[in-house]
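Here the structure is laid out as structure tokens; the discussion comes afterwards.
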Amino acid sequence: MDFLNLFWIFLIISSIQPLIQRRIVEFRRLYAIRAFEQKRGSRVILLIHRQESISLLGIPISRYISIEDSEQVLRAIRLTPPDVPIDLILHTPGGLVLATEQIGRALVRHNAKVTVFVPHYAMSGGTMLALAADEIVMDENAVLGPVDPQLGSTAAASLLNVVRQKPIERIEDETLVMADVAQKAMNQVQRFVRSLLQDVKPHPKVNLENIERIVEALTTGQVTHDYPISVEEATSLGLPVTAGLPREIYDLMDLYPQPPQGRPSVQYIPMPYQERPSLPAIPDKKKNG
């Protein structure tokens, strides 16, 4: 076998190897999802957004909840019988309000129990989807976030504060128009969040007296939009939060890794360490003497 034949064999193997690897990973994902569904007796839906990069230029591209996502999730919900629970695994920074509201309404309309699992974070629109669930199961270190509307890079609540604090004759027309849009966005988000919390199928998810307090805390811009709401804070607000995820959720997340970008910024030996017994102290000879 000459060098040219070896070269072509190497080229063919190199070209089909990524395809084979993708197929193997896809099979492992489907197997893990199916195993978790059988254990829980539910339909499992994953909504995972990782930051990806263009391999040629290395430009990071952040992924968000999109219309395409809502189409796929709505289809999965539609294929689920009314009496089958839904388990939604969320790992997302948020996204389009339209797509988020579509998914949220579909989850609320589902007759059986809806459980949202948050292994790391579900911010903004991800938190809205969590509010649509009957139970929110979070890792002890996972976080949710505020759902106050944003107009571009500006918080709607901040625009409204400007209008309240300055005389109207000193405010530009464009700012007044933006403030009007901000007020409409605030009203829309509050109305939607309130409708999610008032859901009573298959049972009330929060105490009715806590609804307005939750709406006020999450939608009025009391904190910045990237403020992390911990398990403890979410529980104190009255949200149906449970701490502690099944092992299978972490195994599933391992099958959706962050795309490699050269040298890793975090590295460790991926195995649990057993607690090691400490060695007995060495006696001090001077004291004994």
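What the table shows:
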| read-out | value |
| --- | --- |
| Computed [θ] at 222 nm, deg cm²/dmol, the chain (DSSP H ≥ 4; -39,500 (n - 2.57); rounded to nearest 500) | -14500 deg cm²/dmol |
| Cβ-derived FRET efficiency at R0 30 Å, GLU174 paired with THR224, nearest 0.05 | 0.80 |
| 0 to 90° range, to nearest 10: angle between helix 156-165 axis and the chain longest Cα axis | 40 |
| Given 12 as the ceiling on other Cβ atoms within 10 Å, longest exposed-site-free region of the chain for chymotrypsin sites (Phe, Trp or Tyr not before Pro) in DSSP loops | 1-267 |
| Student exercise, the chain dipole from Lys, Arg, Asp, Glu Cβ charges, in Debye to nearest 20 | 800 |
| Within straight-line cross-link reach of LYS39, aspartates and glutamates at Cα separation under 13 Å, skipping those fewer than 8 residues along the same chain | ASP87, GLU248 |
| Degrees between helix 3-40 axis and first principal axis of the chain (Cα, 0 to 90, nearest 10) | 50 |
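Any read-out appearing in this document is the output of simple, stated calculations on the displayed coordinates, not a laboratory observation. In this text, all values refer to a predicted model and were calculated from it rather than measured experimentally. So basically every Cβ, Gly included, is an ideal-geometry build from the backbone, and we count neighbours across all protein chains shown.
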